[in-house]
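This report refers to the structure that appears directly beneath it.
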Amino acid sequence: MSRLVSATSWTTLATLVNLVLTMVQLAFLVRILAPSVFGQFAVVNMVIEVFVAFALGGISNFLIFKRDADQQTSNAIYYLALIIGAIFSVLLYLLTPFIASALGYEAIIQELRLATLLLVVSSLSSQYQAIGMKHFKHQSIAKIDIAAKLLSFSFAISFPELELLCLVGAIIIYQVAKLLGFMLFLGKFVNLSLSTDTRIFKEAFNYGIFDFGSQAINIVRKQLDVMILAITLPSCEMGVYHVIKQLASRPAQALQPIIGKVALPAFAEVKQNHEKFQRVYKDIYFLQLFVLAFIYVPVIVASELVATLFFGDSYAQYSLVLSLLAGFWFIRVASSNLVGPLVQSTGHTKRNFLWNIYVMIPNALVIYISSMFGVEALVFSMVVFQVTLFPIVNFYFVKYITGVEFSYSLRSMLIVVLAFSIPIAVFHIFLVPLIPDLWFMQETSVAAFTVAVALVLYFQYSEVKNSIQRIKGF
């Protein structure tokens, strides 16, 4: 088995386990905790995500970019990550009361202060994970991730009476357990010592400053809806939106690390060979599209069934919001998920930073203005904005770095989406109503039919098999 296939297999397994446990946990807790608790958690999660991006400092992938880094360089980057993480952890701890008050969520101060621990933990974990990925130790990384998620899941479902602390505590347990696992099983690759080469700091900062800026702004863009709705919506309504958003975004967020952990070292290895670079990019892009369509098309088409299955009948009224959010995440990940690995593997982090600066203001305006007309108008505007960005992203990043034309990206997306959506829509409209609404028979039938469509496409559409075969031989 090639290194890339092995890496993909183990990363996929860990991601699927993480996704399943997360969705089971959410489906369990949403029936116990009040929506306002999820609204509070959405704000905590938003603040932590933004500050974690600052704590990582943009240097989490520097050691992958710097393929020939010696031990002194690795040590220097490790200590640099520790220092940056500690600084922002203290900063967030001090700013927590002001942030909570500004957002109108004074009740989250203690939990948010507790979560500042994540900044240091994430900074250190990113270095161990980067070194593990550099050596293609995806199997060890996956096993550690699964074990950490099991501990986190067990805590969350065992102590729902803790309410917000239950949700925040589960995240802390997951990240701390992961760091301890990395230290134990990947420590030999880090081989940490006090011998450092501080001359690398300048290069790391030059690489990281733009990647850091890009990641931070990108996370702010991703959380803009939460930032605005935290001010404009009551915590109860905010909680409902957060729950629906979690269901729509989790599959995309689960797929992103699979693609990133595999594509980044793959692109870094073939970037000197332009023809091979193009081929590897196209193969990963197409397979990503296929998986995204397999996951998201049935959610978009049968959103009412999906919402009821996960959260109960009370959430069926939000099926349109779920459909629109699912469409948004499909387009967002399909069009831009490979941008990160492309710029990080080739050193074009400044380009990514400038892009996020350019997009920040129009994105904020779209979300702010549309939120005045309700949640449905907000998510519809987000979809339209993301569709508008698709060709621009391709021209600014994909064509510039790899030479792959937008026509290939668009054609591939249309083929895959239509191949899934037409038969599933026909099945849902004409046949599902004839199936008894008992024991989840309707939901099961849609899932089974989606699998059948995927299998037919796999065996009948040669591009799917060819892409898999080429990646296997990588």
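Coordinate-derived values only; no laboratory data. What you are looking at is a predicted structure, and each value in this text was computed from that prediction instead of being measured. FYI the Cβ positions are ideal-geometry reconstructions off the backbone, even for glycines, and counts take in every protein chain you see.
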Sparsely packed trypsin sites (Lys or Arg not before Pro) within region 407-474, loop by DSSP, other Cβ within 10 Å at most 13 | none
Spin-label model distance (nm) - Q317 vs K202, 7 Å beyond Cα toward Cβ = 6.3
Cβ-Cβ FRET estimate between L438 and L414, R0 fixed at 41 Å, reported to 0.05 = 0.65
Got a sec to turn the phi values of region 300-308 into Karplus ³J(HN,Hα) couplings, 6.51 cos²θ - 1.76 cosθ + 1.60 with θ = phi - 60°, whole Hz, x for Gly and Pro?
-> 5, 6, 10, 5, 5, 5, 5, 4, 5
Taking 0.36 nm per residue of separation and subtracting the Cα-Cα distance, what length does fully extending Q272 through S9 add?
-> 92.1 nm
So what's the net charge close to A34: Lys and Arg +1, Asp and Glu -1, counting the other residues with Cβ under 14 Å from its Cβ?
-> -2
Find the centroid of the Cα atoms in region 168-197 and in region 82-142, then give the distance between the two in whole Å.
-> 13
For S158 and M23 in one chain, what is 0.36 nm times their gap in residues minus the Cα-Cα distance, to one decimal in nm?
-> 47.0 nm
Of the convex hull drawn through the C-alpha atoms of region 269-322, the volume per residue in Å³ is 92
Using alpha carbon centers only, region 223-266 is separated from region 429-456 by a whole-angstrom value of 27
When the helices in the chain are scored as -39500 (n - 2.57) per DSSP H run of 4 or longer and the sum is shared across all residues, what 222 nm value do you end up with, to the nearest 500 deg cm²/dmol?
-> -27500 deg cm²/dmol
Too-long pairs where the Cα-Cα distance tops 31 Å, listed order kept, from K188/K276; K178/K222; K188/K465; K399/K465; K143/K271; K188/K245 | K188/K276; K188/K465; K188/K245
So the FRET efficiency between I109 and Q71, C-beta based with R0 = 41 Å and rounded to 0.05, is 0.45
A correct Karplus calculation of ³J(HN,Hα) over region 86-91, with 6.51 cos²θ - 1.76 cosθ + 1.60, θ = phi - 60°, whole Hz and x for Gly and Pro, returns 5, 4, 6, 5, 5, 4
Note to self: C-alpha centroids of region 272-347 and region 361-393 sit apart, in Å, by 17
